[in-house]
């Protein structure tokens, strides 16, 4: 699958799907979503990272870059497969339908999944048991270490691995062998959970393919410090003897921020990755393409240069840019995997070397319509001049919804004044020749008719929702990733309108 030719799709994370168990799942509601997506004439479903989330519930800070999030395992599929009784599902506590109440949802779901895993060997039909054994054999290279990691994390009351006893944090072989014996039940449960996630995702992909829909995944360039990835391969990261980073990822000061951005992720030792032919990255990309048809790589600029921040500093004021691996990593991956469809997330402060790397690799970049109408945008950001080899969005998961963006007042931390907002809105109306009464549809129509080969629209914009439906506010540590929709919000007239716009733009 590639992104050549005109096509379009919708951005919606699976956790935002409707359903009666508190969070979107990879089951019948997801199948129904794919069918509605096809009816609207869309050919892509873009999702956020699918890994198991930790503190803060962010899909961009996961416990493993290889594992899946057990919270989206389908309870309905478990029932249909005979792994849980309908009576047990009826006893799942009632939770809100319009957002994910993570505290209540995590406890209730993990309790049920624990019961399923404990009885799995007794209740699984022969074909399911065979599939589990095959999965465990094919994925053992990451599955075994991840399962040990999460079992140890539970054993140590959720603490970061750098706060575990030293011999465990250092992965001393004898200690790990004892842990595998003592925590065998928890390890087996984690392996079962990963099988169930991957099995349910596999079924969803089969349904998507039958409907002619590709799934666009999301791969953060960096991994979380408190992850199986870093614990298992500390040599790949810039860490001190205690396992903690000596430098962390971020963005040095620029005209957006006098103190820069301190993200806190450990930075790669690119020399170590290069020495073994980027084997870890090749394994990561190979695994990602077993889950997705197309891959969006977040913070692509980090392959040209990454912001390096002293780990002891509370801000990025003393950060500096350090060179990344450039195209060497992607050349090694192409030699091992062949050409694969990749979208380069090239937003923010982009320097010529990033553009050169993206273009040399032939990856499409991203264009965001909400960014197109600022007072000093260059000509390349004018929608009618977008390159064909690009992906246009009305907004992303980090933006407000289009309606919220257009109608909201600047917040207390905003760098934009009310006067600037008014000027931007006037500029939008002038460009579109509209009165702004249906600004979400005006921008959707604009995205679809731009020269960009691919157009992606968040579902919130199709439904005309405001800031209450925003998925994430960057820099805010609470209240993110919770939004869910209800089927009655997706009105037939909106579906028909999107299908007509898609067809008239030559994307059907």
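Worth a mention:
- In this structure, residue 224 does not qualify as part of a helix (DSSP H, G or I), touching a helix residue (DSSP H, G or I) at 6+ places or on another chain (Cβ under 9 Å) and crowded, with 22+ Cβ neighbours inside 10 Å.
- The number of residues in the range 243-264 that are in contact (Cβ under 8 Å) with a residue 60 or more places away in the chain and under 26 Å from residue 330 (Cα atoms) comes to 7.
- Criterion: surrounded by 16 or more Cβ atoms within 10 Å (Cβ to Cβ) and farther than 17 Å from residue 267 by Cβ - qualifying residue of 335, 344, 311: 344
- Restricting the search to helices (runs of 4 or more DSSP H) fully inside the range 86-197 and requiring at least 3 residues that are without any contact (Cβ under 8 Å) to a residue 60 or more places away in the chain and exposed (fewer than 13 other Cβ atoms within 10 Å of the Cβ) gives 86-90, 102-118, 126-138, 173-182.
- Residues of the range 14-52 classified as touching a strand residue (DSSP E or B) at 6+ places or on another chain (Cβ under 9 Å) and either modelled with pLDDT under 95 or within 21 Å of residue 214 (Cα to Cα) (or both), total: 17
- The range 408-427 - residue that is in contact with a helix residue (DSSP H, G or I) (Cβ under 7 Å, 6 or more places away or on another chain) and surrounded by 10 or more Cβ atoms within 10 Å (Cβ to Cβ) and, of those, modelled with the lowest pLDDT: 410
- Of all residues making up the range 373-407, the number that are surrounded by 15 or more Cβ atoms within 10 Å (Cβ to Cβ) and at pLDDT below 85: 1
- Residue check for residue 272: part of a helix (DSSP H, G or I) and touching a helix residue (DSSP H, G or I) at 6+ places or on another chain (Cβ under 7 Å): yes
- So residue 137, is it within 20 Å of residue 197 (Cβ to Cβ) and either at pLDDT below 95 or out of contact with any helix residue (DSSP H, G or I) (no Cβ under 7 Å at 6 or more places or on another chain) (or both): yes
- Within the range 286-318, considering residues that are touching a residue at least 60 places away in the same chain (Cβ under 8 Å) and in contact with a helix residue (DSSP H, G or I) (Cβ under 7 Å, 6 or more places away or on another chain), the one farthest from residue 9 (Cα to Cα): 303
- Yes/no for residue 500 being surrounded by fewer than 18 Cβ atoms within 10 Å (Cβ to Cβ) and farther than 19 Å from residue 406 by Cβ: yes
The values are calculated or read from the model by the stated rules, or taken from the named source; none is laboratory data. It should be emphasised that the depicted structure is a prediction, and the values quoted were computed from it without experimental measurement. All Cβ positions, even for glycine, are placed from backbone atoms using ideal geometry, and neighbour counts span all protein chains on display.
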